[in-house]
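This report refers to the structure that appears directly beneath it.
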Amino acid sequence: MTPLAANDPEQVTLDKIRDAAALIKGAVLETPCLPAPRLSQITGAEVFVKYENMQVTGAFKERGALVKLASLTEAEKTRGVIAVSAGNHAQGVAYHAGRLGIPATIVMPVLTPFVKIAATRGYGAEVVLAGNTLAEAKAEADRLAAERNLVWVHPYDDVHVIHGQATIGLEMLAQQPDLDILVVPVGGGGLIAGIATAAKAIKPSVEVIGVETTLYPGMWGAFYGKEVRCEGATIAEGIAVRDIGLLTTEVVRKRVDDILLVSESSIEQAINAYLTLQRTIAEGAGAAGLAALLTNRERFAGKRVGLVLCGGNIDPRLLSKIVVRELARDGRLVSIRIDTPDRPGVLGEIATVIGDMQGNVVDVEHHRLFLNVPAKGATLDVTFEAFDRPHGERIIAALRERGYGVRYLEIGERMD
């Protein structure tokens, strides 16, 4: 038999995926895939969520990491492994290498959030901080790998890793056999390559659709033969991949039905929806699938859709900021600037108008000393809660009827 080429998609098979599932059983959580009625209501699809944020490390990456580590020879395990990651792959490798007694070195960019560095060290790995980007960190990892004779654990472009990630597809169709579409976040392509292989082998009629952020459309470009640019600060850093996998690209071209792109604002909306409607935490990459449903309602209307919530490792401060921004977008948190005469009682009058109309003042800044405020005047920046956008508009109309000049501010805007 002629050996398969390095990037031949036939390397990724259902039998090997089933072997991977047996290997990780008991060491990786078989996460639930549950109906989400409130998400169904806002998207028009019948939505089911696969909760990979429930893994020990908070993300799906454990699956592929464990399968890869288990494939090593005893000599390779003794040498130790190395990986480059700013987040979930780092923690997956560190956690399971620690369990198996394999020395692990993880190279992370120096700008990686401290919470992720601490978590990776907490699993017993040696963390090396190098460079401001993943590319610069990779250069240092290459040097260390050569110097110490370490074994690479690639985050996505490795057949063992792909087989591990593919076990999610097995589980989803076992838990919800009637799914019409699987929607999968795409970074380097390991997750969708594995899931598509498993899903198409079990149920050829099922659609597999990938989702990327518009800032990092690498797989979309490869899928459609388009020149793309991958750059920029994204809330979905887990799928912010400039260099997609070679093997994963070939699998995706053969077995995936479509790739969709989603905006940063739609990802924020999806993170907030997971938190407020499902009472669960999704990082930006984890929420990308829901973002696709929110922005392509007609495409998914009436279909039974399985979403892979692939990770929940988000900075709590960022999460709180997103919640506030979504309240503002919905018109439930309103920030305004009011020009007033500088006389006693004005602040009380304004607060009374808002309170009488069942608004709730949450923040006030009173400006008298700035040069762009009249000497006998003052400016108030007021943020208040409303039931919805029309309610907030009625409160503002009432203030204007009292003779106050009112204009909207962006949340967080302050006096120059």
Label-to-label distance, nm, for residues given as Tyr224 and Ala398 (7 Å Cα→Cβ offset): 4.8
Helix axis angle, 159-175 relative to the chain longest principal axis, alpha carbon, degrees: 70
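Place a +1 charge on the Cβ of each Lys and Arg in the range 203-314 and a -1 charge on the Cβ of each Asp and Glu, then give the dipole magnitude about the Cα centre in debye, rounded to the nearest 20. Walk me through the intermediate numbers first.
Details: 12 positive and 13 negative charges, 96 e Å.
Result for the range 203-314 is approximately 460 debye, rounded to the nearest 20.
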Helix 246-255 vs. the chain, principal-axis angle (Cα, 0 to 90°, nearest 10): 80
Neighbour net charge for Gln176 - beta-carbon separation under 13 angstrom, K R +1, D E -1: 0
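Quick one: which of 164-173, 211-220 comes out on top by average Cβ neighbours within 10 Å, and what's the full order, highest first? The partial results should precede the final answer.
Values: 164-173: 27.0, 211-220: 24.4.
Per-residue mean Cβ counts within 10 Å order the peptides as 164-173, 211-220.
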With eigenvalues of the C-alpha gyration tensor scaled by 5 and rooted, the chain, Å: 47, 25, 18
Out-of-range pairs (alpha-carbon distance over 22 Å; input Lys50/Lys321; Lys50/Lys303; Lys77/Lys254; Lys16/Lys254): Lys50/Lys321; Lys77/Lys254
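For the range 1-106, what mean projected area does the convex hull of the alpha carbons give, in nm²?
Values: hull surface 38.7 nm².
Computed as one quarter of the Cα hull surface, the answer is 9.7 nm².
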FRET E, pair Glu76, Leu111, Förster distance 25 Å, beta-carbon r, rounded to 0.05: 0.20
Residue-averaged [θ]222 nm for the chain, counting only DSSP H segments that reach four residues, each worth -39500 (n - 2.57): -13000 deg cm²/dmol
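How much net charge surrounds Asn53 when only the other residues with a Cβ under 13 Å from the Cβ of Asn53 are counted, with Lys and Arg +1 and Asp and Glu -1? All intermediate terms of the calculation are to be shown ahead of the outcome.
Numbers: positive: Lys50, Lys61, Arg279; negative: Glu52, Glu62, Glu283.
Around Asn53, the surrounding residues sum to 0.
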For Ile259, residues with placed amide H under 5 Å, excluding near neighbours: Gly210
The chain: antiparallel DSSP beta bridges as a percent of all, rounded to 5: 45
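Dipole magnitude of the range 250-319 about its Cα centre, charges +1 at Lys/Arg Cβ and -1 at Asp/Glu Cβ only, in debye to the nearest 20?
On the way: 9 positive and 8 negative charges, 66 e Å.
With Lys and Arg at +1 and Asp and Glu at -1, about 320 debye.
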For the range 81-149: span of alpha carbons on each principal axis (Å, largest first): 29, 29, 13
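Which trypsin sites (Lys or Arg not before Pro) in the range 275-318 sit in a loop by DSSP (not H, G, I, E or B) and have at most 11 other Cβ atoms within 10 Å of their own Cβ? List each step's numbers first, then the result.
Details: sites: Arg279, Arg297, Arg299, Lys303, Arg304, Arg317; in loops: Arg279, Lys303.
Here the sparse-neighbourhood loop sites are Arg279.
Each value in this text was obtained by applying a stated rule to the coordinates, not by laboratory testing. All of these numbers come straight from a predicted model, not from anything done at the bench. We place every Cβ from the backbone using ideal geometry, glycine too, and count neighbours over all the protein chains shown.
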